[in-house]
Structure formats: structure tokens, C-alpha cells
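Single-structure report; data block below.
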Amino acid sequence: MEPAWMSEWWTYRLEDFLLFSPRVYWRMFELANAAFWPLHLLTLAAGLAIVLLVLRQPRRHGLWIALVLAALFAFVGWSLLWSRYAAINWAIAYVAPAFGLQALLLVIGGARGGLAFDRRDIAGRLGLLIAVAGLVVYPLLPPLFGRPSASAEVFGIAPDPTAIAALGVLLAGSGGLVPLLLAIPLLWLLLSGLTLHAMGDPQAWLPLLAAATILAALTLRRIAR
Amino acid sequence: MIITRRTFVKTAAASGAALVLPAAAPGAPPAPAMRAVPSSGEMLPAVGLGTWITFNVGDDPVLRDECAEVMAAFFAAGGRMIDSSPMYGSSQPVIGYGLEKLGRPEALFSAEKVWTSSAADGPAQIEQSRRFWGVPRFDLVQVHNLVAWETHLETLFAMKADGRIRYVGITTSEGRRHDLFEQIMRAHPLDFVQFTYNVVDREAEERLLPLAAERGMAVIVNRPFRQGALTRQLQGETLPDWAAGIGAATWAQFILKFIVSHPAVTVALPATTRVDHVRENLLAATGPLPDAAMRERMAAYVRDL
């Protein structure tokens, strides 16, 4: 069924697509965290292992890193976006498949060979810093914004830290469709930031800042060439 | 205790009165003011329950129960009209959950919308909405934001003729497309129209409200609090002393009394997640209501803040 806004989108504003309250949004993460615990330990360990592999053996394990990221994108797209978020925001039903597409692109990019994480220019180093921030800092944010820790967004469980950490790692990558792999996580961060902004949430600037930093790093790299 | 004839008669009389006049029972809230639907004469309480954002809680069991409690308080305070839309995420199944939990209250007046740009999908969408609510039929179905309104209106009038819905309406909000809205009101025998109107958004007073009165259409007012922004804005301001004269104890009641006192308004639709607020909203439709002069004073007061 075609949503009505598609044919008359000019009569709608961003706020019109905000269908839920901040309380409902953050409780969605609380319920997901409760449902999936202790999977968080595994996803965080996988993320930290990826960063360590990129630091220590940058030219090896490209396929495995891509496969782990693919699995996590597929899981977040299904478990959080499709199964939970789409229930309160019908627009997400059209966005969740993009996480599946990202997983597919990662698999293809890894399987084609040539995917390495060996870029150590400023953008690459900044990327790894961003990845660590997505992994370690993001779950610690709730108390800073007056929310319970149970609503923490964790890499591999929640979309924002997953997109941020993946983008950070990909900034250090080369070959294997890397430029194409940046698009969906960047667009997600833009959408997430705008949604949080429409909610009036003080955290709205975080995904937008992450996306802007990634774009700035890419621009710097292009200029430096 | 010895039951004398006098106490028996008094008790029996009180019990009888309670059966026909529940609002008069001790401790029961005063009944809200009633408004007639012009096309049928059916009486509806002047304050209903909106579900935009507030009822979109997904599968969260705690929040679903909270919504059911709001609905219980709404019906207990004499409310009837609950309004929703396929656009409102999970609001429809959450309403259905609440109705089931409350034992399908007979007082319910179900107001829904059709919201799809594909005219052919309209009947299927209405049927899906009906299943979510778990009602045998909707009382009112409205074309949401005038989307594909021509064909949807054909569908709705046919459904009304078949007895599958009772009333037909159209909606808009925040002043969108009032020109087209007015044209449709002039051309079609609508039972209900729904648009935004409150103490600061008064554009509807110029054409839509008088036209609704002229054409005999019931008026549902959406976004009475500007999606909460108006009450938040007024929160720090002092309610004028003279508000007590119209029975407004809070800004929410002040705003609702302004809306429902317009002679063309049938039902105002505040939305809330709180039981105390739903009671407060229904109370706004009780007691004295402002006259035309007082309404102007209310609007001027808010404008000057």
C-alpha cells in the first residue's frame, strides 16, 4: 500500500513524521537491550576485535571484518529497525531493507577480495578514533542526557553506534567497494539526527556530528591527494 | 441497622436515580457538555480523545497498559469519541488492546481515517483499521488530509449507504489547504469536518466554522494544544483571576473551554498519556463556558502574553 505522503509530500513537515514520543523511542532501546542481553558483550567484543585487527594486521582479515559487519547490519536491520522501530514509525519499514542491502554490499565487497584496512592518513586515524567512540563512548551516554543506562545504544544492537563504528573502520579501508559502503550508514545518521532533532532530543547533534566528521575526513583526504 | 420505611424509600430512590443518571452519583465526575451531530441529532460529549503520538507505543506492554488506563479514565469521565488514523503508527492496535481490556465499552464513538494515495487501497485499509480496533464497524471514517479525497469520498458514501459506517468526514490540520477543504464542504454532504482550531490558531473562524454551521456539519477540532507546545508555552504564565469565572482551573481547561464554547464546534480532541490530564480535559467541558465577549478576552489575554 503506497503511503499517502509519497504523492503529496509537499504538504507534510518533518514534525509530521514524528509519530512517537521520546519516552517511547528510548523505551524501545530499553526493551531491546533487555531482550538481547548478554548479546551486547559479544557484539562489543566483535567491534573491539575488528579495531584491533585493523590496527595490528591491516592487510589481512578484510573478508572476515566485512562479514562480521555484514552480520551486525543485518541483525540490527531485522531485530531493531524492522521488528521494533517500524512498529512506531511506518517509514522505517522502508529504511530497514537498506540495512540488509548494506549487509549484502559488505559481503560482496569482502568476497571480491582486495578489501584492506591499511590507510593510516589523518582520515584513517580519525576513522579508528570514531570507531572506538562508537564502541565505547556511545553506550555510556544515557546518564549524560538524563536517561536510564538501560536505554544505552550499543554497537551491533542499536543502529547509530553500529553505523558510526562501521563508518570509522571503513575510513581506514581501501578497495572492496569502500566508497559505496559509506553511503547507507551516512544516510542513516542523517535520518537519525533529524528524527532526534524533531523529537527535541539533546542528543540529536551526535549522529549529525559523526556524519559531518566522516564527510570532513573524506574531504580532507581528497584535498590531500 | 434498622431499616425504616423512610430510609428504604430514600435508598431505593437514590439507587434508581443512579441507574439513569450515573453522573449524579456521589463521587462521580460531572457529565461533560453534549453537542448534537447536525446530520443525525446524536449527542456527543464536547471533548474526545486524540491518539496522535500519545498512543503510538508499539508493543511496549507497560505503555500499552498506560494507554488502556487513559481510555478507562476517559470513559469513566463520560467521554465517547476516540479518533485515530493509519498514519499514527501503532495507535490503532493499541486502541484495540485498550478496548479489549476494558470489555468493549458501549459508549465508544469510533472515529477513523483513510490515508492512502491509492484510491483502490481505501477499502482494504479501512478494513485493516477495523480489525485493529476490533469493532464491528466504525461510527465515522474521514479522508485524512484530503489525500485522494474524490475517490475515497465515493467509497465512504457508499459504505454509509450500506450501513458499514455511520458518518463520513474529511480532515486537515494546521491550516493546510483550507481553500480546497472549503470547496469540498460546499460540494458534498459531509457529516463531520475536522481541522485545527485553538485560542491562537483562529483562521477557521473566518470561513470553515461558519460554513460548517451553515451546511449542518459537525466540527471536530484537532491539535487543541498545538501538539502540547501551547500548554508548554503557557506553563510559566499565571492564569488570569477571571478564568475561575468560567471554571478554568488550568491552562489546558482555559484552552479547551475557548474551543468548545464556539457554537459551531462539536468535539475537541486533546491527546494525552496521563490519566489526570484526561480527567482534567473532560472537566473542561463541564460547568460554565465563556460567551462571545469572554472568548475575545481570552484570546487577547493569550495574545498579549
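The values are calculated or read from the model by the stated rules, or taken from the named source; none is laboratory data. Computed from a predicted model, the values in this text were never measured in an experiment. With ideal geometry, Cβ positions are generated from the backbone for all residues, glycine too; neighbour counts draw on all protein chains shown.
Please count how many residues of the range A:1-46 are at pLDDT below 90, of a type outside the set (A, V, I, L, M, F, W, C) and not in a helix (DSSP H, G or I). Can you show your working first?
Keep residues of the range A:1-46 that are at pLDDT below 90, which gives A:1-19.
Of the ones still in play, those that are also of a type outside the set (A, V, I, L, M, F, W, C) are A:2-3, A:7-8, A:11-13, A:15-16.
Filter again for not in a helix (DSSP H, G or I), leaving A:2-3, A:8, A:12-13.
Number satisfying all stated conditions: 5.
Just to be sure, is A:Ala163 at pLDDT 95 or above and touching a Leu at 6+ places or on another chain (Cβ under 7 Å)?
Numbers: at pLDDT 95 or above: yes; touching a Leu at 6+ places or on another chain (Cβ under 7 Å): yes.
Considered against the rule, which asks whether it is at pLDDT 95 or above and touching a Leu at 6+ places or on another chain (Cβ under 7 Å), A:Ala163 comes out as yes.
Taken over the range B:242-277, the residue count meeting the criterion of being touching a strand residue (DSSP E or B) at 6+ places or on another chain (Cβ under 9 Å) and under 14 Å from B:Gly48 (Cα atoms) is 11.
Just wondering, is there one or more residues in the range B:102-121 that are touching a Lys or Arg at 6+ places or on another chain (Cβ under 6 Å), away from chain A (no Cβ under 14 Å), modelled with pLDDT of 95 or more and over 25 Å from A:Tyr25 (Cα atoms)? Yes, some residue in the range B:102-121 is touching a Lys or Arg at 6+ places or on another chain (Cβ under 6 Å), away from chain A (no Cβ under 14 Å), modelled with pLDDT of 95 or more and over 25 Å from A:Tyr25 (Cα atoms). Restrict the check to the range B:184-201 and report whether at least one residue is small (Gly, Ala, Ser), in contact with a strand residue (DSSP E or B) (Cβ under 6 Å, 6 or more places away or on another chain), farther than 30 Å from B:Leu63 by Cα and modelled with pLDDT of 95 or more. For the range B:184-201, residues small (Gly, Ala, Ser), in contact with a strand residue (DSSP E or B) (Cβ under 6 Å, 6 or more places away or on another chain), farther than 30 Å from B:Leu63 by Cα and modelled with pLDDT of 95 or more: absent.
Picking from B:Gly48, B:Gly58, B:Gly89, B:Gly98, which residue would you name as being more than 27 Å from A:Ala93 (Cβ to Cβ) and either over 15 Å from the mean Cα position of the chain (by Cα) or buried (at least 20 other Cβ atoms within 10 Å of the Cβ) (or both)? Quick ask: steps written out before the conclusion?
Details: B:Gly58 fails: more than 27 Å from A:Ala93 (Cβ to Cβ); B:Gly89 fails: more than 27 Å from A:Ala93 (Cβ to Cβ); B:Gly98 fails: more than 27 Å from A:Ala93 (Cβ to Cβ).
One residue alone meets the criteria, B:Gly48.
Candidates in the range B:47-68 are the residues that are in contact (Cβ under 8 Å) with a residue 60 or more places away in the chain and among the polar types (S, T, N, Q); of these, the one that is farthest from the other protein chains (Cβ to nearest Cβ) is B:Thr51.
Do we have B:Lys160 as buried (at least 17 other Cβ atoms within 10 Å of the Cβ), basic (Lys, Arg) and more than 20 Å from the chain's Cα centre (by Cα) here? Explain how you work it out, then say what you get.
Working: buried (at least 17 other Cβ atoms within 10 Å of the Cβ): yes; basic (Lys, Arg): yes; more than 20 Å from the chain's Cα centre (by Cα): yes.
Spelling it out, B:Lys160 is indeed buried (at least 17 other Cβ atoms within 10 Å of the Cβ), basic (Lys, Arg) and more than 20 Å from the chain's Cα centre (by Cα).
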